[in-house]
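Everything below concerns the one structure shown next.
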Amino acid sequence: MFTDALKKNRVVVGIDLGNDYTQLSYCRADRSMPDTMSLVPGEEQYNIPTLLCRAHEPGEGGAWFAGKEALKCASQGKGLLVEDLVLLAKNNVSVKAGGEDVTPAKLLTIFMEKVFALLSAYIRTDDIGGVAFTMRDMSAQLMENIRSAVEPLGLKNAEVYFLSREDCFFQYMIHQPEEMWIHDVLLYDYRSDGVRSYVLQMNRKTSPAACFIEADMFPQMKRQDMTESTDALKKAFYGQLDAELLEIAKKQCEEHNITSVFLLGDYFSKEWCRESLRYLCKGRRVFQGNNLFSKGACYGARERVYPSTLSSSYIYLSEDKLRANIGMTCDRGQTEIYFPILDAGTSWYDAKREFDVMLVKNNTFTLNIAPVDGSRTRLAKISLEGLNVRGNKTNRVGLKFFMENPQAVQIEITDKGFGEFFPSAGRRWRECLPLEVIS
C-alpha cells in the first residue's frame, strides 16, 4: 500500500470523537492495518470517556484530569466533572471551571492533550502526517472548534481531516478482503440512544465504482438501566430487545443482498440477541467489535496523505458530497489543458481550492461540470462585471472555491492586478453555484 521511499516511522491517526467516549487508531507507513490504542496494553480497552474534571483541592493545584481519571477525581469529590464536550463544542458553549470561563475549544484542547499523551506511548507526535476526526454530527461550528483545539497540540507535520461515520464505514470496507463486500454490507452501531444502521451498496458498473450508504435510526432499541431490576424483568426486557432487533434485521436483509454484518458497541451480547444472531448468521459473515469507525478514519487519513489505487477505483457519494467533477479548460501556450478544481466525492467541509488565473480574451471564465452519474458535462460561465481586460496577459485574478453548507459551491474572485504597472483596483466578486446545478 505504501512505497518503499516512505519513511517507516510515518504515522496517520484516526479519532472517533463521541460525546460519550473517544477512540484513537493509528497506522504506521510500513503496516497495512491500523492498530487501536488501548488504555491497558494487551487488552481491548479502547473507550476513553470524553470527560474532564477540574480538581479543586489545594493539593491538586487546579489540575485537569481526563477520561477515567476524570471520573475517579469526580467520584472522590475532588473536582468538577465536565461532560458533553462534543455537544458544548457543537453549540459553542463555554463552561465555568476554577473561577474562569473555559471555551469549548480550550476544553477539547485539554482533553486532546491528555489523549495524545497516552498515544505517545505508541508513536511519536512528530511522526504524525495526518489526523482524521469522525463524529456523528459534522456541523461547521463543531469542526471549527476542533481545528482550534488541535492547533496548540504541536502537530506540526500533520494535516487535519474530517470524515463522517458513513465515510469511515466506506473506508474501512474497501480496505478489507473483497469477498466481504461482494454484495451489500450491513452495520449496526449500538449507542446509548439506540441503534443506528448503515447499509453500504456499490454500483460497480460505473468508473470509478460509485458507493452509497443508507442510514437509519431505531430509538426503540434504547437501553435501560436494569441493574436494580429483578431477573424476570431483565429477561422480559432483553427478550423484547431481541425481538425488535430481529424484526429490523429481517426487513433490511429482505430488502438487500447482505454479504457481511458488523455489530458495533459493547451493548451487543450473545446473552440477549440470540434469535437475531441466529438469523443474521444464516449465509452471512457476522463480526462484532467497537473500533470500526476509528479504524475507518485512520484508513481515510492514510488515503489523503498516501493515496492508493483504491482512491481512484471507488468513490463514496452522499448528500454531503459533490457528485460532479468541477474544473476549467485553460490555455497553455498553443494547447488547451483541463485544470481540475474540485473532485467528485469530496465532502462539502473539505471542498476548498485557491489559485490565480490570467484573463486574456475577456472578463469571463467557464467551469466544466462533469457529473459522475454519466450524464453530459455542463458549462457554467462566470462574468466579472466591470473588469476591463487589457488583452496583454496583465489581468490576474484570484479564485477561491469553498462550501459553507452541502447545498452550494461558493466562488470568491479578487482582482490582483499585475505588479506596479497595473495595480489592483480592489474589485471583488462572489458567485454561487447551487448543488442542483452540479449534482
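The values are calculated or read from the model by the stated rules, or taken from the named source; none is laboratory data. Computed from a predicted model, the values in this text were never measured in an experiment. Note that each Cβ is placed from the backbone with ideal geometry, even for glycine, and that neighbours are counted across all protein chains shown. For the accessible areas, the whole protein counts, side chains as well, though only heavy atoms, and no ligand, DNA or RNA atoms are used. Shrake-Rupley method; radii C 1.70, N 1.55, O 1.52, S 1.80 Å.
Side notes on the structure shown:
- Lone unmet requirement of (1) surrounded by fewer than 18 Cβ atoms within 10 Å (Cβ to Cβ); (2) closer than 30 Å to A243 by Cβ; (3) not hydroxyl-bearing (S, T, Y) for F268: (1)
- Screening the candidates K106, K114 for the property of being out of contact with any Leu (no Cβ under 7 Å at 6 or more places or on another chain), touching a residue at least 40 places away in the same chain (Cβ under 8 Å), farther than 24 Å from R302 by Cα and surrounded by 15 or more Cβ atoms within 10 Å (Cβ to Cβ) yields one hit, K106.
- Scanning region 240-263 for residues that are open to solvent by 10 Å² or more (accessible area, probe 1.4 Å) and either closer than 17 Å to Q220 by Cα or of a type in the set (S, T, N, Q) (or both) returns Q240, D242, A243, E244, L246, E247, I248, K250, K251, Q252, N257, T259.
- Every listed requirement among (1) open to solvent by 10 Å² or more (accessible area, probe 1.4 Å); (2) out of contact with any Ser or Thr (no Cβ under 6 Å at 6 or more places or on another chain) is met by C273 save one, (1).
- The residue that is most open to solvent (accessible area, probe 1.4 Å), counting only those in region 315-332 that are touching a helix residue (DSSP H, G or I) at 6+ places or on another chain (Cβ under 8 Å) and not polar (S, T, N, Q), is R323.
- Only residues that are in contact with a Phe, Trp or Tyr (Cβ under 9 Å, 6 or more places away or on another chain) and either closer than 13 Å to D137 by Cα or open to solvent by 20 Å² or more (accessible area, probe 1.4 Å) (or both) were counted across region 168-178, and they come to 3.
- Residue within region 156-167 that is more than 18 Å from the chain's Cα centre (by Cα) and in contact (Cβ under 8 Å) with a residue 24 or more places away in the chain present: yes
- Count - residues of region 128-166 that are under 21 Å from N291 (Cβ atoms), part of a helix (DSSP H, G or I) and among the charged types (D, E, K, R): 2
- Filter result (within 28 Å of the chain's Cα centre (by Cα) and either crowded, with 16+ Cβ neighbours inside 10 Å or part of a loop (DSSP other than H, G, I, E, B) (or both)) within region 333-349: I341, L342, D343, A344, G345, T346, S347, W348, Y349
- Within region 305-314, one or more residues are touching a strand residue (DSSP E or B) at 6+ places or on another chain (Cβ under 9 Å), in a strand (DSSP E or B) and either hydrophobic (A, V, I, L, M, F, W, C) or touching a residue at least 24 places away in the same chain (Cβ under 8 Å) (or both).
- For region 66-117, the set of residues classified as part of a helix (DSSP H, G or I) and over 22 Å from the mean Cα position of the chain (by Cα) consists of K68, E69, A70, L71, K72, C73, A74, S75, A117, listed by residue number.
- Of all residues making up region 139-157, the number that are at pLDDT below 90 and crowded, with 20+ Cβ neighbours inside 10 Å: 0
- Taking the numbered list (1) farther than 18 Å from K222 by Cα; (2) surrounded by 14 or more Cβ atoms within 10 Å (Cβ to Cβ) in turn, G283 passes all entries but (2).
- Residue list for region 179-208, filter: in a strand (DSSP E or B) and either at positive phi or in contact with a Lys or Arg (Cβ under 7 Å, 6 or more places away or on another chain) (or both): D189, G194
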